[in-house]
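Undergrad: Let me give you the structure first, and then I'll get to my questions.
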Amino acid sequence: MAVELSTSINIKEPRWDQSTFVGRAKHFFTVTDPRNILLSNDQLEKARQIIHNYKQGIVTPGLTEDELWKAKYIFDSAFHPDTGEKMILIGRMSAQVPMNMTITGCMMTFYKTTPAVVFWQWINQSFNAIVNYTNRSGDAPITVNQLGTAYVSATTGAVVTALGLNALSKHVSPLLGRFVPFAAVAAANCINIPLMRQRELKHGIPVLDENDNRLGESSNAAQQAITQVVVSRILMASPGMAIPPFLMNTLEKKAFLKRFPWMNAPIQVGLVGFCLVFATPLCCALFPQKSSMSVSRLEPELQEKIRANHPGVERVYFNKGL
């Protein structure tokens, strides 16, 4: 006779220890698994129902622990951790590898002409804007006007940066010129992410105690969260945009690519994809998603509020976003 699954498993937290890099890496290899974007709405809804029931103390008959964790990761891959809403498909972390390998590969193939630079930087920053909005921290709504202003500002800034760097690249070696897309992407991340998440910087993000009790909203926590995300995103792009240029520079001198120049883009996309399969989860794992900071680093008024109402709390926690 099968033993019913215990209801004491803490599925509010990841399966692996998030205080270690290895534990976070295992977690994000699961979260960023590209196969999750192939799941149907029925599969997502089934996972959502299993998790909802389990949180209410109701165990689906015959459910095993492995099946519970699988449902949790399916649920986490598609639903926002703060709002609970289903995320835009291409904005989910499971779409990062297939989307980024295609866009980045094309950016690095078609980087020599101004129209190509403008088009692919626009595509890349439009995609990044969707990802940044989808994986924002907090549950406060953002208006269409705020979203539109942030998108136009971020995309324009990124394209102008790319064009400026592309103009400078004409005075350096062809190999260095291949790194222009990476420099543009790194600079654009510093523009795009803060702009798309500017509401968090202005109004703050929810900070919690260790028992998930909401203590208030903090702009200082938002600054730390967004800084960590910017660093992760730049490093995430590094291997896919730094390694292929050396390989492609060598391959283009070989007879194969001279004979089949149309293979340039597919090879570049494949190389970038291989790098991203590992770089995406490993760079997401650099910082815990449930980030934390000392109460003493919060805004003075929030410190006073916490110390008055929750005198024992010395550290607060928050979702940094991805």
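The values are calculated or read from the model by the stated rules, or taken from the named source; none is laboratory data. Fair warning: this is a prediction, and the values are worked out from it, not measured in the lab. Every residue, glycine among them, receives a Cβ derived from its backbone with ideal geometry; neighbour counts consider all protein chains shown. Areas reflect the complete protein model, heavy atoms only, side chains present, ligands, DNA and RNA absent. Shrake-Rupley method; radii C 1.70, N 1.55, O 1.52, S 1.80 Å.
Undergrad: Which value, in Å², gives the accessible area per residue of segment 4-158 when a 1.4 Å probe is used on the protein heavy atoms?
TA: On a per-residue basis, 50 Å².
Undergrad: May I pose another question? I'd like the distance separating the alpha-carbon centroids of segment 235-304 and segment 9-35, in whole Å.
TA: Centre-to-centre distance over Cα atoms comes out at 20 Å.
Undergrad: Can I ask one more? Hey, what did the chain get for relative contact order, percent, Cα under 8 Å, at least 6 apart? Working shown, then result.
TA: Details: 443 pairs, mean separation 63.1, N = 322.
Contact order relative to length: 20 percent.
Undergrad: May I pose another question? Carbon and sulfur atoms: what percent of the 1.4 Å accessible area of the chain do they account for? Present the calculation step by step, with values, prior to reporting the outcome.
TA: On the way: 9940 of 15990 Å².
Here it works out to 62 percent.
Undergrad: Then there's this: Kirkwood hydrodynamic radius of segment 68-163 from all distinct Cα pairs, in Å?
TA: After inverting the mean inverse Cα-Cα distance, the result is 14.8 Å.
Undergrad: Using alpha carbons only, how many angstrom separate the centre of segment 42-82 from the centre of segment 84-128?
TA: Taking the Cα centre of segment 84-128 as reference, the centre of segment 42-82 is 30 Å away.
Undergrad: Looking at the chain as a GNM with Cα springs under 10 Å, which of Pro194, Pro115, Pro245 has the largest mean-square fluctuation?
TA: Result for the chain, Cα springs under 10 Å: Pro115 fluctuates most.
Undergrad: In a Gaussian network model over the chain where Cα atoms closer than 10 Å are linked, find which of Tyr54, Tyr73, Tyr133 has the largest mean-square fluctuation.
TA: Tyr54
Undergrad: Something else now. Please report how many Lys pairs in segment 1-144 have alpha carbons closer than 12 angstrom, counting only residues at least 8 apart along the chain or sitting on separate chains.
TA: For segment 1-144, the number of qualifying lysine pairs is 5.
Undergrad: For the chain, what is the calculated [θ] at 222 nm in deg cm²/dmol (nearest 500), taking -39500 (n - 2.57) for each run of four or more DSSP H residues and dividing by its residue count?
TA: -20000 deg cm²/dmol
Undergrad: Still on this structure: Could you name the aspartates and glutamates whose alpha carbon sits less than 18 Å from that of Lys202, not counting residues in the same chain fewer than 8 places away?
TA: The qualifying aspartates and glutamates are Asp139, Glu217, Glu299, Glu301.
Undergrad: As an exercise, use a Förster radius of 56 Å and the Cβ-Cβ distance of Ser8 and Val118 to find the FRET efficiency, rounded to the nearest 0.05.
TA: 0.50
Undergrad: Taking the structure as given and computing Cα extents along the principal axes in Å, which label from (i) 51, 50, 40; (ii) 64, 57, 35; (iii) 56, 46, 42 fits?
TA: (ii)
Undergrad: If you keep only loop residues by DSSP, which trypsin sites (Lys or Arg not before Pro) in segment 225-322 have at most 16 other Cβ atoms within 10 Å of their Cβ?
TA: Values: sites: Arg233, Lys253, Lys254, Lys258, Arg259, Lys290, Arg297, Lys305, Arg307, Arg315, Lys320; in loops: Lys253, Lys254, Lys320.
Loop-located and lightly packed - Lys253, Lys254.
Undergrad: Once you put a point 7 Å from the Cα of His310 and another 7 Å from the Cα of Glu210, both along the Cβ direction, what distance in nm separates them?
TA: Placing both labels 7 Å beyond Cα along the Cβ direction yields 1.2 nm.
Undergrad: Ratio of segment 20-76's C-alpha Rg to 2.2 N^0.38 Å, to two decimals?
TA: 1.20
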